[in-house]
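Here you go, one structure.
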Amino acid sequence: MPDILIVDDEFESRMAVTDYLSTSSIGFYSVHEAITIEKGELLLKKIKPSILFLDVSLPNGNGMELGQKALEWNPDISVIVVTYLKEFDLVHCSINLGFAGYLLKPFSKTDIHMLVERIHIHSLSTESKKVFRQENNKKQTPDLANPIQTALQFIQNRYMEQITLDETAQKVYLSTSHFSRSFKEETGVTFVDYLMTYRIDQSKMLLKTTTLPMEVIANQVGFTSAAYFSTAFKKKESCTPSEYRSLFLAK
């Protein structure tokens, strides 16, 4: 049975998680609790949980450092930050450290459900990650017989970066003009349109399953600014990112 560890000195937020798990359809986790950094470290090593809910403002230590240690000890663990602090730097640090989610207190069952379900659906077990890495490595090898399919895989692996038409064409050993024509013929859309749509589709998952600020989501999916992200999103979806999120995160 997979384990969840909650390291939080606040009784109410620990109960919010345990109450949700006791009544949700994803109720197969065994829940463990700790209110100090020291007890959290002991349980991390002893039970090797799949998910760690972690308050970053613990009275006896730095929760972010504990989360970092948890990932060093078990790269497959999903660390979810819980905090009252709505600070961009904290969110950005959580992402850079590889944490799986960020919840602002007080959070609802809906907030918890979105995150736990996403983690469950994407199968963050050790074996699943090994399979993903193997498949991802295969995708890095250009298939010269299918340059457009190789280009699509390249986009899907690197969409969060500032990739360009020229760079992608070089990856599949085609001239920019020939690649551009071939891409449009095979996919029905231009390279720029495909990349934009793919980024927006990825942003929709983050909007539905996290409370991350728009600036962070924009950066995570490859947009250069929140304003540009909002404009592109509205053009495609006929609503702003905030309006889209409100459809899924209603209390």
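The values are calculated or read from the model by the stated rules, or taken from the named source; none is laboratory data. A quick note: this is a predicted structure, and the numbers were derived from the prediction, not measured. A quick note on method: Cβ atoms are made from the backbone with ideal geometry, for glycine too, and the neighbour counts reach across all protein chains shown. Heavy atoms of the whole protein, side chains included, go into the accessibility calculation; ligands, DNA and RNA do not. Shrake-Rupley method; radii C 1.70, N 1.55, O 1.52, S 1.80 Å.
Would you mind putting 159-169, 53-63 in packing order, based on average other-beta-carbon counts within 10 Å, highest first?
53-63, 159-169
With Cβ to Cβ distances under 13 Å as the rule, what net charge do the other residues near Thr240 carry (K, R +1; D, E -1)?
Local net charge: +3.
Given a 1.4 angstrom probe, what's the average accessible area per residue across segment 26-85, in square angstrom?
Using a 1.4 Å probe on heavy atoms only, each residue of segment 26-85 averages 46 Å².
Return the subset of Lys204/Lys236; Lys109/Lys208; Lys69/Lys208; Lys109/Lys236; Lys48/Lys105 for which the Cα-Cα distance in this structure is over 19 Å, preserving the input order.
Violating the 19 Å Cα-Cα cut-off are Lys69/Lys208; Lys109/Lys236; Lys48/Lys105.
Taking 0.36 nm per residue of separation and subtracting the Cα-Cα distance, what length does fully extending Tyr228 through His113 add?
Extra length available between Tyr228 and His113 comes to 38.4 nm.
Find the accessible area per residue for segment 185-242; the probe is 1.4 Å, ligands and nucleic acids are left out, and the unit is Å².
Normalised by residue count, the accessible surface of segment 185-242 is 48 Å².
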